[in-house]
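The structure under discussion appears below in the form of C-alpha cells.
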Amino acid sequence: MDRLRTDSVLLDPLTREDYGWLFVLYADPEVMRYIGHGPRTEEESRKNLDWLLDHGERFSFGYWVLRDAATRRRLGGAVLMRRKPDSPVELGFMLAREAWGRGLATQVAQALVSHAFADLQLPELQAFTQVENAASAAVLRKAGLRDAGLCPGPYGGIDRRFELKRDDWLLQRSFSDKLPDAR
Ligand SMILES: CC(C)(COP(=O)(O)OP(=O)(O)OC[C@H]1O[C@@H](n2cnc3c(N)ncnc32)[C@H](O)[C@@H]1OP(=O)(O)O)[C@@H](O)C(=O)NCCC(=O)NCCS
C-alpha cells in the first residue's frame, strides 16, 4: 500500500502500532453512531483491524491511518476495501470528533478517489451511508460520488448507496480542467 497525503492529512498504511488508538476511536458512541451496530468492543475492533491488515497485504489497498500533516497526531482512518471477492471496492472514512468540521474528510475522500482510479485503475467505487448521516453523504458528493438511492447495506439495514465509475471520474476531471480559473 502506498503512503498518500493531502494538504492537511497524511494517509499511512495501518500497522499493529495503531491498534490501541483505533480501539478508542471505534469505542466512541458519537463516532460510531452511523457505523455498523455502533461502538465496538476491543475484541470486535481487533478482528476487524486484523482483517483489514491482511486485506492491505493481499491487495495494494486497504486501511490508512489519518494523521495531521503538521503535527503527525492521529486523526482517524479511511478505507478502500473489497468486502467480497466479486463486490466493487468500497470507500469509507471516520475521524475523531476533534477533527470534524475542517474539511479533512473531503480532502481524504478526494485523495482516495484519485488513488483508486489514477493509480490502482479500479473500474468503480461504491460507498454506503446510513440515511441520517448527512455529513458523510456531503463528503461523498464533494468527492464526486453519485447518490444511487437506497438499498440493503453491509450491516443489514437500508443504507444510501453512492457510486462512481472510473469513466465518469475521468469525465469530471476533464470538465474541471476546462473550467476558467476562478481566481
Ligand atoms: C462524516 C465525517 C467523516 C465528516 O468529516 P468532516 O471532516 O467533518 O467532513 P468535512 O468537513 O470534509 O465535510 C462535512 C460536510 O458535511 C456537512 N455537514 C456536517 N454535519 C452535517 C449535518 N449534520 N447535516 C448536514 N450536513 C452536515 C458540512 O457542512 C460539510 O459540507 P460543506 O463543506 O458543503 O459545508 C465525520 O463527521 C465523522 O468521522 N463521522 C463519524 C464517522 C462516520 O460517520 N463516517 C462515515 C461512515 S459512512
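Taking a Cβ cut-off of under 13 Å around residue 124, the surrounding Lys, Arg, Asp and Glu residues balance to a net charge of 0, with basic ones at +1 and acidic ones at -1. In this calculation the C-beta distance from residue 86 to residue 168 is compared with R0 = 22 Å, giving a FRET efficiency of 0.55. Computed from Cα atoms alone, the Kirkwood hydrodynamic radius reported for the range 63-137 is 13.3 Å.
Between residue 43 and residue 177, the simple spin-label model (points 7 angstrom out along Cα→Cβ) gives 5.3 nm. Within a straight-line Cα-Cα reach of under 21 Å, residue 178 can be paired with the following lysines, leaving aside sequence neighbours fewer than 8 residues apart in one chain: 142, 165.
Take 167-178, 137-148 and order them by the average number of nearby Cβ atoms within 10 Å per residue, most first; the result is 137-148, 167-178.
The tail of the calculated P(r) for the chain beyond 29 Å holds 16 percent of all Cα-Cα pairs.
Bear in mind these aren't lab numbers, they're just calculated from the coordinates by the rules spelled out. As the structure is a computational prediction, the values presented were derived from the model and not from experiment. Neighbour counts run over all protein chains shown; Cβ positions are idealised from the backbone, glycine included.
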